[in-house]
């Protein structure tokens, strides 16, 4: 039995992690943490888990967690992850970090975009970026995996085949991203109250969203070119789902079918990527670990459309995919069939 | 020009008050208050008002407000209203209070349901309850009007004709009420975050909602019978609207058409009441001051279905209706046509 | 390998059936039917199934279906089921019928509420009603099971423990039911267009909804009393979920805790029933086969609150629960964990 | 009293037209048409109009309409408008056509994008395009005005100031447009059923949407440059609202503030255009005739964000704005304050 802990158990991502992990009979969830002092039962925090798991959300130290778990999913805010992960690793845990803390390789870039001095900079360069479709070979042996951002995954998965196969320009890529509200987390904020978001769409953080340098970095790494994107996120009145509509410039005249073939070739054997002919909707991938994508060519632009469930393929699902690879389970365990 | 102030200007009700009052060319909004220390422009708080009104939301004393306004709409939380209304009245203002502070006539009942000792109990008995369809005669000369609760209005308007005409039993009435989320206000709370409310319906506060004694009291007053209701509110994933489905027992065998006729007779000449034959939807009254109602008879029950927009007929609209009567405007000014 | 066919494969219920059955490695879906002449691939009809199942939706005769399948889920409209089920049974299939055609035991009642003369009346009396929490013993050996209506299940599961334990009056029960829009099916209708349903709640078919006689009949059967309910369905702006708020009269003074205990005792060992202390939300059971329920006592009424996912526990989930019992699988196969 | 008819009275745009026109006491709505043979009362078609207007939706000939009305709002599908407008004009009516029939100046382009041979081609070149912010001088004396498409208006209003002031390249403009579902009309279609659209976002008609040539043409006309856009519409789960996020290339290095100033100068005195500093949300303009816009500069792109209510500023509101100019009313009559 593989023992697993989840830090930051009260959020939406943690709920999805629990549900997915409960499908694997060889996994035991042994610790759930939160800062709430009264250690509420996880049922009280997530009523949908009633009768399914009997644990409290405790305020545990990294040492206590390390005593109970072989693997730790760290679903804490950025900044909070670096405060506990070195101790978890020292305690022998293998960690999937769902925060942004270990995603960027350059501490200066981290400081610029997150406004924090990174307290564990030496690990930045060496941490594996947990996008299994790109780096399945690096993940199995890793002790620490940086789980990608939701916008990031969706953008990268759509663009990587085209950049790696040199089909599009590496700069001047406009990513128009649309996300459901769960991506903003479960902490009370006026901006994510129901009557604020419902019946409305708006952009936010244009040019300043923290997933921008992450997209640049990962696409640069994977393609060997200096990729630069313009990233414009929007908040959409729905619970979950991300759609990225990406405007790129093809290097040469190409046909849609040839591009789709190139994408299918690139993702051959990847169980969660579906290159489709139709225009995908976020509902097609909701509650699943699938990533659906297609392309359209119009007036000199190659438009990539790519969607995921931000809480699954964009967070908890890919985290379990990483965990499966690290722990020696089938990559699809708990994720397929759904 | 009638000068008007709105206290608690950052909430949803205040926004609707401002929009409605801007339609009356003889009204000037002269003060908006909030506790925010930086006195934000009302545009920053309500972007939909951009270019329409040029005022800051200031932290003003009752005396300052009284110096600027003839009428005050008090959209503060319960407890906060009693702290300022006596001074506003002393300063010569006439006040429409949208909180619950002056609705109940018995300070003991107030304390029981609101958990606060009422600090202005002598005014409780004498304050006019601002439901113009029932007490249009008392409102014009009032200096203080207690604006009804949203659930309360919707329930009362549907039941009053039947109780006053002795068509139904006064007890054993079950009010199954469904409300949009804006009724819960604009303060950040986890329970009203978009991903908590969306795609879900649930009851809350069953048997304990504070509008219960208010419904009992007003229906008892208007009908002369000792009315007692069971009130079950539900949160519905929509911005606005209240539907009350009310299960009553007819005193004698009646036909639907006769009941509808009795309702129409009761509300003759009331511009905002629409007794309809079809089953009304909250969308039919959204963004308007209308209250739509009908009845159905089934297996010994007389079912009343009544709906309003909780922010308009349930709050800001009826408040302006009261204001119009107090200030000598047409009752429908700013409210019809919409 | 158990071979399974689904008739009426283009609807929402069929999609859920397919997803659930794909989780059972010992089941093979061998036929999907629809009346569309071009036999579209199921991917084209349900894009979320892309890469998961490779079948067309064919226009097959009952004989053709019987040649391919051991079990048939019949998700056809009422009237259409009776046209094929006798032949399917004659062909050796065992059938779970998700239509209303075999639910009512009296052909006269069927004709009264559905406006059709029943063409297979002799089977009506003997068909097993497929609510496994009540009749698990009858289902395993059945060749034909009538899968319950979604409103019906939710109402019955909440009321049965109280009626069977003689805690409440058998008549005068008011069921105020709220359903997501998927319950209305996938055929284009103006009334279920997005802009018609969104941001609105309304009642429909008050006193005339076809699940009324079904609720009466099943509760009468199970409790041995002559049960009569008033049933008021409402359309709620959400995809899925049913909440029934049910106003009943307790026979004696009871405490909430005692009623909850009685419910828990009644459902002991039933894996999909969760008797909870809190007020359940439809979101707690969404995408699952759970049925969550609780009670509240207020002013002489015992209020039962019960919710399900209308497409799962209210349709496809309970259908697979029945199938599992009939085919000898674990009752929870494909349904837990989810 | 100005007599007005509305053709195609059962749709969403017609409902908004009626509501807006009812606010003008000098207008009388004298005819509403639909093809329904039973001539339903407009209440039955639009329950929100109950008690507000007493007319049936009749199946009238153009001659009958011309006998009753001075002005006609033609809210018919494309193709149907050209079938009646010549007769309406011959009958002395002045017409605001809300269909696409008279928007494009080239009959060949019309045929290419709409698949119909234009039956009134001689009027195409001479018809005034009804975007009053651009051509207020041409509208007052027109007998026929082609009311713009909703996507078109929103795109053009955001881009025109930049193109006309030569701030951006005229080609390579990517318009990522997001619309509420009401834009798809009120005819039953599977694709706009609530459970299809809700909780989902997707693109549709990429590169093929009929508003594309209209945007090109109008921006080319107004700017004197050969404008070419890539237009990608998306369906968003909300009733109403359009947000266009438009990726353009500035001709020179510019600052956001300077661009905003240039926009404000361009729209000086235009009552419905609000150039704002913040990122506008569709909710800010919902139920109003406002168009809110701003710009952001990021990595060599000038991003324009522009939003409207698709049914008001995108359809009925601008139609009444045109009507006001044609009939000699204040441009804002019925539209401000709202």
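Each value in this text was obtained by applying a stated rule to the coordinates, not by laboratory testing. As the structure is a prediction and not an experimental result, all values here were calculated from the model. Cβ coordinates were reconstructed from backbone atoms using ideal geometry, including for glycine residues, and neighbour counts include every protein chain displayed.
Could you pull the copy-to-copy label distances for residue B:106, with points set 7 Å along Cα to Cβ, in nm to one decimal and sorted shortest first?
4.7, 7.2, 8.0
Report the semi-axes of the equivalent ellipsoid for segment A:277-318 in whole Å, largest first, where each axis is √(5λ) for an eigenvalue λ of the Cα gyration tensor. Write out the running numbers ahead of the final one.
Working: eigenvalues 114, 18, 7 Å².
In descending order, the three semi-axes are 24, 10, 6 Å.
Using only the alpha-carbon atoms, what does segment B:229-296 span along each of its principal axes? Please give whole angstrom values in decreasing order.
Sorted from largest, the Cα extents of segment B:229-296 read 38, 30, 20 Å.
State the percent of C-alpha pairs, over all pairs in segment C:22-64, separated by a distance greater than 18 angstrom.
31
Give the span of segment C:64-141's Cα atoms along each principal axis, as three whole-Å numbers ordered largest to smallest.
If we take the Cα atoms of segment C:64-141, the spans are 36, 31, 20 Å.
Quick check: Cα centre of segment A:7-27 to Cα centre of segment C:111-183, how many Å?
Taking the Cα centre of segment C:111-183 as reference, the centre of segment A:7-27 is 35 Å away.
How big is segment B:151-310 on each of its three principal axes, counting only the C-alpha atoms and giving the largest first in Å?
46, 29, 29
Measure nothing but the geometry: give the 0 to 90° angle between the long axis through the Cα atoms of A:256-266 and the longest principal axis through the Cα atoms of chain A, rounded to 10°.
The helix A:256-266 is inclined about 40 degrees to chain A.
Per residue and in Å³, how big is the convex hull formed by the alpha-carbon atoms of segment D:33-100?
That works out to 95 Å³ per residue.
Between residue A:208 and residue C:191, how high is the FRET efficiency from 1/(1 + (r/R0)^6) when r is the Cβ-Cβ distance and R₀ = 25 Å? Nearest 0.05.
That gives a FRET efficiency of 0.05.
Nearest to the axis that maps chain A onto chain D: list the chain A residue whose Cβ wins, with the distance in whole angstrom.
Rotation axis A onto D, closest Cβ, rounded to whole Å: A:176, 2.
Measuring nothing but label to label, 7 Å from Cα along Cα→Cβ, what are residue B:185's distances to the other copies in nm, shortest first?
2.4, 4.6, 4.6
Only bridges with both residues in the protein assembly as shown count here: give the DSSP antiparallel percent, nearest 5.
Within the protein assembly as shown, antiparallel bridges account for around 45 percent of the total.
Based on C-alpha coordinates, I'd like the Rg and Dmax of the protein assembly as shown, in Å.
31.4, 88
Tell me, rounded to the nearest percent, the portion of alpha carbon pairs in chain C spaced more than 33 Å apart. Let's see the in-between values first.
Values: 13413 of 56953 pairs.
In whole percent, the share of Cα-Cα pairs in chain C beyond 33 Å is 24.
As a check on your grasp of the helix formula, calculate [θ] at 222 nm for chain D: sum -39500 (n - 2.57) over DSSP H runs of n ≥ 4, divide by the residue count, round to the nearest 500.
-8500 deg cm²/dmol
Based on alpha-carbon centroids, what's the gap between segment B:210-231 and segment C:262-297 in Å, whole number please?
First find each Cα centre; the distance between them is then 33 Å.
Write down, largest first, the equivalent ellipsoid semi-axes of segment C:185-249 in whole Å, where each equals the square root of 5 times an eigenvalue of the alpha-carbon gyration tensor. Don't skip to the end; give the middle numbers.
Details: eigenvalues 163, 32, 21 Å².
Gyration-tensor ellipsoid for segment C:185-249: 29, 13, 10 Å.
Using a Gaussian network for chain B with springs between C-alpha atoms less than 10 Å apart, which of these wobbles most: B:215, B:156, B:53?
B:53
Using a basic spin-label model with each label point 7 Å from the Cα along Cα→Cβ, how many nm lie between residue D:116 and residue D:164?
Inter-label distance under the simple model: 3.1 nm.
How are the alpha carbon pair distances in segment D:20-152 distributed across 10 Å bins from zero to the largest one, expressed in percent?
11, 38, 35, 14, 1
Shortest first and in nm to one decimal, what separations exist between residue A:268 and its copies in the other chains, measuring from label points 7 Å along the Cα-to-beta-carbon line?
Nearest first, the other copies' label points are 6.0, 6.5, 8.5 nm away.
Mind pulling the angle between the C-alpha long axis of helix A:317-327 and the longest principal axis of chain A? Nearest 10 degrees, somewhere in 0 to 90.
Tilt relative to chain A: about 70 degrees.
Could you check what % of the DSSP bridge pairs in segment C:150-310 are antiparallel, to the nearest 5?
70
Nearest 10 degrees, 0 to 90: what angle lies between the long axis of helix A:12-21 and the longest principal axis of chain A (Cα atoms)?
80
Can you pull the Rg over Rh of segment B:257-329, Cα-only, Kirkwood? Write down the numbers at each step before the final one.
On the way: Rg = 13.8 Å, Rh = 13.2 Å.
Rg/Rh for segment B:257-329 comes to 1.04.
Post the alpha-carbon centroid distance, segment B:193-207 to segment C:81-96, in whole angstrom.
42
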